[in-house]
Every structure is written in C-alpha cells, then in structure tokens.
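Okay, so here's the structure we're looking at.
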Amino acid sequence: MRDTVPGQTCSDHAGIPAAATHVLVVDDSAAQRRLIASQVARLGYLVTTAASGEEALDLCRAAPPDIVLSDWLMEGMSGIEFCRAFRQIGTGGYGYFILLTSKSGKEDIALGLESGADDFLVKPVDSAELRGRITAGERIVRMQRDLSDRNRTISAALDEIRSLYDSISRDLMEARRLQQSLVRERFRSFGASDVSLLLRPSGHVGGDLVGFFPIGPERVGIYALDVAGHGVASAMMTARLAGYLSGTTPDQNVALRRAGPGRPDARPPAEVAAILNRIAIEEMRTDTHFTLAYADADLRTGRVRLVQAGHPRPCLLRADGRVEFAGDGGLPVGMFAGAAFDQFEVALRPGDRLILASDGITEARDGAGGLVGEAGMARLVARNAHLSGPAFLDGLIAGAEAVNGEDFADDVSVALLQFRSGQTGAP
C-alpha cells in the first residue's frame with residue numbers, strides 16, 4: 001500500500017506526492033465537494049477536487065488519480081459523460097470510478113456500469129460506507145498496479161527471450177547452411193551412371209547425411225547415415241562423420257586405402273562400419289549412435305558390395321519396374337564395442353537403380369495413421385519410376401508428403417545410384 005498524506009486536501013494537482021493514494025472528488029456543489037473531500041482526507045488519502053467534469057478531465061490528464069468520486073447529476077458534463085471520457089484518456093494505469101447518486105434503480109445502475117463506473121455511493125454519503133467503498137477501490141487499484149508491474153516484467157522477459165531466440169535462430173540458420181554444404185554435390189555423372197542426393201532436415205539442422213566419393217575410375221562409394229535424435233547435437237556428430245567419409249580429402253576417408261603407388265582402393269563395407277564403430281565409441285566418446293548404409297559400387301560390372309548397420313534396407317528399382325529390398329538390418333554403429341557387421345552383395349543390370357533412404361520416409365504416417373513402411377516406400381518408388389536423377393528424388397519426397405499429409409517429423413535423406421550400362425568415365 002502506498003504511503004498516505006493524512007488530512008491533506010488541495011484544489012489542484014500541483015505537488016501531489018508520488019507515493020500517496022490520490023482521490024479526485026468531482027461535484028458541481030461546493031458544499032458537497034468540501035464535505036466529501038474532508039471525509040476522504042480524514043481517512044488519510046490525498047484529495048484533489050474539481051467543480052465540473054471538464055475541469056476534472058484536465059486534472060486527470062495532468063495527474064491521473066487512483067480513485068474518482070464523481071457526482072452523477074452535474075451541470076454541463078454529467079458524471080456519466082465524465083466517466084466515459086475518463087475511460088478514454090488512457091492514463092497508463094487503472095482508475096477506480098465511484099458514482100455518487102441518489103439513483104438506485106436497476107436501469108440506472110446498469111447504465112453507470114456500462115459507462116465505465118466500478119461502484120456507486122448513494123447520497124447522503126455515510127462515512128463508514130465511504131471508507132469501505134474507497135478501501136475496496138484501493139484494493140482493486142493496487143491489484144491492477146501489481147498486475148501491470150508483473151506484465152511489464154513479463155514483457156521485458158519476453159523481449160529478452162525473443163532477442164535470444166532471434167540470435168539462436170540466426171545461428172541455426174547458419175548451421176543449416178553449413179550442414180547443407182556438407183553435401184557439396186547433389187548430382188554427378190560417372191560415365192553412363194549417375195549419383196543423385198537429397199537432404200532435408202526436419203528442423204534447422206538434423207542428423208541425416210548422404211554422400212559419395214570416387215574409388216578410382218570404375219568404382220564409387222555411396223553412403224547414407226542417420227544420427228539418433230535431432231537438432232544441434234546430432235548435427236555436430238554428423239559434421240564430424242562427414243570428414244571420415246569425405247570425397248575431397250581422401251587421406252582422411254576411412255573407407256579408402258592405397259593398394260599401391262597411384263592405385264586407390266577401398267576397404268570392404270563391413271570393415272568401414274567396424275572402423276566407424278570404433279571411432280564413435282573410443283574417440284567421440286558419446287552415447288549417440290547412428291545407422292549406416294554404405295555401398296561400394298563397381299560401375300563397370302554392376303556388382304555392389306553393401307553393409308546395412310541399422311539403416312532401412314536398401315531399395316532396388318529394377319529396369320522392368322520391379323521393386324526389391326536387400327539386407328537383413330544389423331546393429332547401429334556406435335552402440336556396442338567390437339560389434340560385427342554383415343556384408344552382402346547385389347547385382348545391378350543396365351537401367352537398375354539403388355536407393356539408400358533414411359527412415360524419414362518409411363516411418364512417416366500414412367493416411368490411415370499407420371507407417372508408410374517398406375510397402376508404401378515400394379509404391380512411391382514404382383510411382384516415380386518414369387523420372388530419373390534429382391527429379392526422381394523430388395517426386396519420391398512429394399509423394400511421401402502427400403501420403404503423410406504434413407511436414408515430416410524426422411529428417412529425410414536419399415542417395416540414388418542410377419546404373420545405365422557397363423561404361424564408365426573419369427570421376
């Protein structure tokens with residue numbers, strides 16, 4: 001409660017102490033005005049008076065009162081008109097308005113409330129009732145003031161949060177650009193065969209990554225991995241893994257090795273998974289694991305060696321339109337020390353395609369609320385078989401979005417090898 005200045009009455013607003021509860025008494029009768037003002041002053045409140053609604057409005061604009069006691073029937077501007085005008089001037093706080101009246105009918109009370117009045121006092125004013133009404137008004141004003149203070153505090157906190165969010169959002173957008181830059185090429189021709197990539201995080205950044213790298217003039221390594229979880233932590237691990245499978249820095253690529261001077265070679269896919277498993281557990285020292293599908297494709301013969309470590313099964317779209325899935329699953333990478341990974345082979349014939357896709361498609365919801373699954377994936381692949389390269393990948397995602405009916409809840413990534421003949425070109 002504010003400190004009060006007991007027994008003080010003044011006729012204008014000059015010199016009103018900031019801490020005092022300020023009561024404005026408005027009445028065109030000087031006798032009534034002095035009587036009520038003296039009663040209020042004896043209660044310990046700071047009082048100012050006005051002889052008309054017009055004068056009262058000027059005082060309210062200069063020094064907004066906490067509580068207003070206004071006669072209803074006045075010459076010129078009535079108490080009702082003054083109340084309406086008072087509510088419109090925007091004092092920056094809430095003023096409690098009490099109408100003094102001899103009217104007690106329900107219609108009169110309704111009119112007063114509709115005009116913005118908070119309470120009524122029936123003339124002649126009883127001192128005890130006056131004290132009670134003002135005390136109630138002071139309580140409301142205090143609660144309104146506390147609420148306003150809290151709202152200002154909340155608004156300031158929200159402004160700070162928005163500023164922080166904007167800063168974080170800018171950082172995440174930059175992180176997204178950096179992550180997208182990990183996929184340096186979305187399409188490359190290797191002679192008659194092509195490799196196409198698609199990467200779409202569910203948020204600013206994600207844990208999916210796809211890529212490829214040449215293994216000499218007749219082979220290409222293609223990979224798709226999915227770090228568990230979403231967001232910054234997954235993206236940071238993805239960025240580190242990209243360095244271990246880089247096509248621009250082959251000396252750091254764990255899938256590559258030298259068979260002799262000037263003779264690049266590659267480790268078997270199962271060995272690549274085992275090396276990454278050891279790195280994830282011993283060097284990264286994180287509880288986060290990831291799934292991996294890695295293919296070593298001979299572009300001359302169509303022979304493809306693969307490892308599937310917890311990733312969705314590789315999909316084969318045959319030249320005649322048949323859709324097949326290969327692989328038996330396997331453990332994710334980084335889950336168990338010393339884990340063994342199985343390797344298998346598939347044979348591609350001219351016109352066949354190999355598709356390595358993350359679970360963002362197969363685990364999307366279909367129209368019935370179930371999962372798209374391999375059956376739904378097969379339908380999407382077959383439906384877009386007339387397309388090739390990046391257009392095929394775009395059609396695949398568009399079809400999955402149409403089935404899902406909303407944005408993907410998970411990251412989506414796809415690597416596509418389109419094998420057209422046994423001819424190769426310099427990578």
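Read the figures in this text as sums done on the coordinates, not as results from a lab. Note that this is a predicted model, so its numbers are computed, not measured. Virtual Cβ from ideal backbone geometry, glycine too; neighbours counted across all protein chains shown.
Quick one: LEU59, LEU158, LEU241, fewest Cβ neighbours within 10 Å first, how do they rank?
Working: LEU59 21, LEU158 11, LEU241 26.
Listed from fewest to most nearby Cβ atoms, that is LEU158, LEU59, LEU241.
Nearest 0.05, what FRET efficiency do THR286 and ILE109 give at R0 = 60 Å with Cβ-Cβ as r?
On the way: r = 71 Å, r/R0 = 1.18.
So, using R0 = 60 Å, E works out to roughly 0.25.
How many angstrom lie between the C-alpha centres of region 211-232 and region 267-321?
8 Å
Kindly express, to the nearest 10 degrees and within the range 0 to 90, the angle between helix 269-278's C-alpha long axis and the longest C-alpha principal axis of the chain.
The angle comes out at about 40 degrees.
If you count the DSSP beta bridges with both ends in the chain, what percent of them are antiparallel, to the nearest 5? Write down the numbers at each step before the final one.
Details: 55 of 76 bridges.
Of all bridge pairs located within the chain, approximately 70 percent are antiparallel.
What percentage of all Cα-Cα pairs in region 9-152 are separated by more than 19 Å? Write down the numbers at each step before the final one.
On the way: 4807 of 10296 pairs.
So the pairs more than 19 Å apart make up 47 percent of the total in region 9-152.
With runs of 4+ DSSP H residues as the only contributors, calculate the mean residue ellipticity of the chain at 222 nm using -39,500 (n - 2.57) per run, divided by the residue total and rounded to the nearest 500. Display every interim value, and only then the final one.
Working: 10 runs with 152 residues, N = 427.
Computed ellipticity for the chain at 222 nm equals -11500 deg cm²/dmol.
Can you put PHE120, PHE419 in order, fewest other beta carbons within 10 Å first?
Values: PHE120 17, PHE419 23.
Ascending Cβ contact count within 10 Å gives the list PHE120, PHE419.
Skipping prolines and chain starts, which residues have an amide H placed within reach, meaning under 5 Å, of the one on MET77, given they are 5 or more residues away or on another chain?
Placed amide hydrogens put GLY53, GLU54 under 5 Å from MET77.
Classify the chain from the C-alpha gyration tensor, please: rounded if a/c falls under 1.5, else prolate or oblate depending on whether a/b exceeds b/c.
Cα axes put the chain in the prolate bin.
Can you tell me the 0 to 90 degree angle between the C-alpha axis of helix 79-88 and the longest principal axis of the chain, rounded to 10?
So the inclination is approximately 30 degrees.
Taking the Cα centre of region 182-418 as origin, work out the dipole magnitude from +1 charges on Lys and Arg Cβ and -1 charges on Asp and Glu Cβ, in debye rounded to 20. Walk me through the intermediate numbers first.
Values: 23 positive and 29 negative charges, 156 e Å.
With Lys and Arg at +1 and Asp and Glu at -1, about 760 debye.
Please find the FRET efficiency linking GLU185 to ALA368, where r is the Cβ-Cβ separation and R0 is fixed at 35 Å, and quote it to the nearest 0.05. Walk me through the numbers before you get to the answer.
On the way: r = 38 Å, r/R0 = 1.09.
Between GLU185 and ALA368 the formula returns 0.40.
As I understand it, the value is the acute angle between the Cα axis of helix 389-404 and the longest principal axis of the Cα atoms of the chain; what does it come to in degrees, rounded to 10?
For 389-404 against the chain, the angle is about 50 degrees.
Can you pull the semi-axes for region 227-369, root of five times each eigenvalue of the Cα gyration tensor, sorted largest first, whole Å?
Values: eigenvalues 123, 109, 35 Å².
Square roots of five times the eigenvalues give 25, 23, 13 Å.
Projected onto the charge dipole of the chain (+1 at Lys/Arg Cβ, -1 at Asp/Glu Cβ, origin at the Cα centre), which of SER196, ILE215, PHE82 gives the Cα projection farthest towards the positive end?
About the Cα centre, the residue reaching furthest to the positive side is ILE215.
As a footprinting exposure proxy, order ASP66, ASP28, ASP58 by other Cβ within 10 Å, with the fewest listed first.
On the way: ASP66 25, ASP28 19, ASP58 13.
Lowest to highest Cβ neighbour count: ASP58, ASP28, ASP66.
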